[in-house]
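The values are calculated or read from the model by the stated rules, or taken from the named source; none is laboratory data. If you're wondering where the values come from, they're calculated on a predicted model, not measured in any experiment. Cβ coordinates were reconstructed from backbone atoms using ideal geometry, including for glycine residues, and neighbour counts include every protein chain displayed.
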Number of protein chains: 2
Amino acid sequence: MRLHDFTGSGNGHKVRLLLSNQGRSFELVEHNILKGETHTPEFLTRNPGGKIPVLETGDGRYLPESNAILWYLAEETDFLPDDAWSRAEALRWMFFEQYSHEPFIAVARFWLHFVEMTPEQEVQLVEKQTRGYQALDVMEQHLTSAYWFAGGRYSIADIALYGYTHVAHEGGFDLADYPAVRAWLERVGAQPGHIMMEPH
Amino acid sequence: MRLHDFTGSGNGHKVRLLLSNQGRSFELVEHNILKGETHTPEFLTRNPGGKIPVLETGDGRYLPESNAILWYLAEETDFLPDDAWSRAEALRWMFFEQYSHEPFIAVARFWLHFVEMTPEQEVQLVEKQTRGYQALDVMEQHLTSAYWFAGGRYSIADIALYGYTHVAHEGGFDLADYPAVRAWLERVGAQPGHIMMEPH
């Protein structure tokens, strides 16, 4: 099993975290997204969307989209709830992550840490921050009455949201007013095989 | 079963389409998103994210996120592939839809059809169009060698992508150069119980 990835990516970190939690070995193939390495003709055969992470199976099939990869690796393991309602709730939070969390918290972090911002991006950063805090508000509210996001236990829904929440400070987000989110980050961090994002 | 929805929404249409394909009855509860009806205290108890669609089950539980609802309604039916790889591929396209398709094609349509655009949005519309066409390019490439998006048959992956693709012209998108997408739209339209977006 190979993971095509970029080590600074929170989307990639989700998959690395699950594999580490599961104690599974894999080969990491690094692609520098800052140098266009995910837009080469060869890479586009793996994912026409030109994005990491992409999982390559032993028999040469490719699966893009971090949260689809999490699902594939978690099916029929303890990392995915086994009743239909809890599975739907896990997906509900995973789609929330990709639509209402990542485009703001991850993009703010990317602009502040990986590139020189354009004047347009400087302006748009304000909205990214506002909407990122709205996502954190929704998480805080949920975690005020629940330890985990779905099925009453640690699952890929937590892993998906952990990816960029645990590095949200790099996007300029202050979690001081989010005690339930901070306590949840610690619970995730206490799971066997836990790994944080590597320094970059 | 109740669906909290807004009839102009492609995200809502996905769920209505699946329910119609399945021949299942439900009660539609309309919330006018243009009048803030999804941000009332009552609505926020159903979905703290303040978005439709939300599925309400017979026993009073609520499930937001259109693609999570599709999954919940499709599990153990013919609308979801039954092998693990094809299920992961279905999710791959559903996450692609929410991250790389909807934020451009649906938002362009919303700005052009439902609101008065601000000068900032007029500027951003150019990028929405560019990235919307990139999503259509990825779909066209896939459909050049496949009839359906996952598992070799019509599934919720097709329904998720149909939601906003079949009204993409309302976002200013011209499908003339996308023959494979147009043929796929017709195949989806030929499924039993098919419904199009209602005029609005």
(message) Within region B:1-76, considering only strands (runs of 3 or more DSSP E) that don't extend past its boundaries, which have at least 2 residues that are within 14 Å of chain A (Cβ to nearest Cβ) and touching a residue at least 40 places away in the same chain (Cβ under 8 Å)?
(response) B:54-56
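Each row is one residue, and each column tells you yes or no for (1) touching a residue at least 40 places away in the same chain (Cβ under 8 Å); (2) over 17 Å from B:Leu17 (Cα atoms); (3) assigned to a helix (DSSP H, G or I).
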| site | (1), (2), (3) |
| --- | --- |
| B:Ala108 | yes, yes, yes |
| B:Gln121 | no, yes, yes |
| B:Glu140 | yes, yes, yes |
| B:Tyr164 | yes, no, yes |
| B:Glu170 | yes, yes, yes |
| B:Phe173 | yes, yes, no |
| B:Ala180 | yes, yes, yes |
| B:His194 | yes, no, no |
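To keep it simple, each residue is scored yes or no on (1) assigned by TED's automatic domain parsing to the domain that holds A:Arg131; (2) closer than 20 Å to A:Thr165 by Cβ; (3) surrounded by fewer than 24 Cβ atoms within 10 Å (Cβ to Cβ).
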{"position": "A:Glu56", "(1), (2), (3)": "no, no, yes"}
{"position": "A:Asp59", "(1), (2), (3)": "no, no, yes"}
{"position": "A:Glu65", "(1), (2), (3)": "no, yes, no"}
{"position": "A:Glu97", "(1), (2), (3)": "yes, yes, no"}
{"position": "A:Val107", "(1), (2), (3)": "yes, yes, yes"}
{"position": "A:Phe110", "(1), (2), (3)": "yes, yes, yes"}
{"position": "A:Phe114", "(1), (2), (3)": "yes, yes, yes"}
(request) Name the residue, out of A:Arg46, A:Arg87, that is buried (at least 17 other Cβ atoms within 10 Å of the Cβ), within 26 Å of B:Trp71 (Cα to Cα) and at pLDDT below 95. (result) A:Arg46
(request) Report the residue count in region B:77-86 for those that are part of a helix (DSSP H, G or I) and either over 28 Å from A:Gly50 (Cα atoms) or out of contact with any Gly (no Cβ under 8 Å at 6 or more places or on another chain) (or both). (result) 2
